[in-house]
Amino acid sequence: MTREATDEVVESTVAASQLLVVDDSGFIADAVSNLLQLVPEIGAIHTASTASEALAVLRRLDSAIVLLDLRIRGTSDDARPDASHGHALLRELHRAAPNVAVIMFTSAPEQQWLRTVAQDGAVGFLSKEGSSDQIVDVLRAVHHGRLGFTAEQLEELGTLVGDGILSDRQIEVLRLLDRGLTNQQIAAHLGIQYRTACKHVENVLRAFRVTNRRLAVVEARKQGLI
């Protein structure tokens with residue numbers, strides 16, 4: 001298969017069997033560990049308590065699903081966990097690690113973060129008050145390349161394209177596709193790695209439920225996105 005053909009084909013599933021749980025207390029990791037027997041798609045669980053630890057773990061993994069507590073510490077030197085650290089880690093992973101799918105995990109009073117984290121690349125949003133069944137359903141959905149938001153969350157978000165929520169970076173990639181740029185040209189234009197550009201294009205195609213960039217551009221024009 002040529003590079004051009006590879007650029008236009010989108011994988012049908014997300015190949016991510018490694019799970020990284022990032023939370024400050026360890027409570028989430030313990031709870032999820034007990035659920036893994038119900039999610040055979042997840043082969044192993046890794047843990048981290050700070051953003052810096054999470055990045056160190058992810059450097060060893062080719063791809064992963066990350067269950068990220070919004071309120072974490074940036075490093076072990078930070079006095080207390082804060083939502084700014086979880087949000088910053090989400091944005092960094094979305095920008096630099098497209099093979100990582102991030103599900104935010106937070107408490108009910110923080111629902112105001114839903115739209116923010118969705119726009120910044122989260123593929124799911126779980127409440128700490130949710131049931132174990134919800135955690136299992138979301139993990140399975142994300143593993144298979146689908147969004148992990150509930151129907152109510154999707155209705156609240158509103159700005160959906162097919163099976164995806166396009167981030168600002170993905171809209172930028174879409175506009176470059178409209179100009180006819182190849183993945184290599186997109187990477188050069190945005191100052192990112194070629195592999196990262198390819199993954200962004202794949203995610204855009206998946207969001208529109210299409211198999212090539214031309215169809216994505218056509219659908220985007222229909223919806224007034226470009």
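Bear in mind these aren't lab numbers, they're just calculated from the coordinates by the rules spelled out. Just so you know, these numbers come straight off a predicted model, no measurement behind them. With ideal geometry, Cβ positions are generated from the backbone for all residues, glycine too; neighbour counts draw on all protein chains shown.
Some notes on this structure:
- Nearest-20 debye value, the chain charge dipole, Cβ charges on Lys, Arg, Asp, Glu: 840
- Ranked by the mean number of other Cβ atoms within 10 Å of their residues, highest first, the peptides 169-181, 214-226 fall in the order 169-181, 214-226.
- Using the Stokes-Einstein relation with a Kirkwood hydrodynamic radius computed over Cα pairs, the translational diffusion coefficient of segment 162-222 at 4 °C and a viscosity of 1.567 mPa s comes to 116 µm²/s.
- Among 114, 212, 96 the positive-end extreme of the charge dipole of the chain (Cβ point charges): 212
- Stretch gain in nm, segment residue 140-residue 111, where the contour uses 0.36 nm per residue and the Cα spacing is subtracted: 8.2 nm
- Backbone HN-Hα couplings from phi across segment 134-148 [Karplus 6.51/-1.76/1.60, Hz, Gly and Pro as x]: 5, 4, 4, 4, 5, 4, 5, 4, 5, 4, 8, x, 9, 6, x
- Model label points for residue 131 and residue 157, set 7 angstrom from Cα along the Cα-to-Cβ axis, are 2.2 nm apart.
- Restricting the calculation to alpha carbons of segment 18-157 gives Rg and Dmax of 13.5, 39 angstrom.
- Of the peptides 37-43, 75-81, the order by per-residue mean of other Cβ atoms within 10 Å, starting with the highest, comes out as 37-43, 75-81.
- Proximity of backbone amide H atoms, modeled 1.01 Å from N, is registered between residue 105 and 68, 69, 70, 126 at under 5 Å, excluding neighbours fewer than 5 places apart on the same chain.
- From largest to smallest, the equivalent ellipsoid semi-axes obtained for segment 100-226 from the alpha-carbon gyration tensor read 28, 15, 13 Å.
- Each of 146, 59, 209 was scored by other Cβ atoms within 10 Å of its Cβ. Listed from fewest to most, they are 59, 209, 146.
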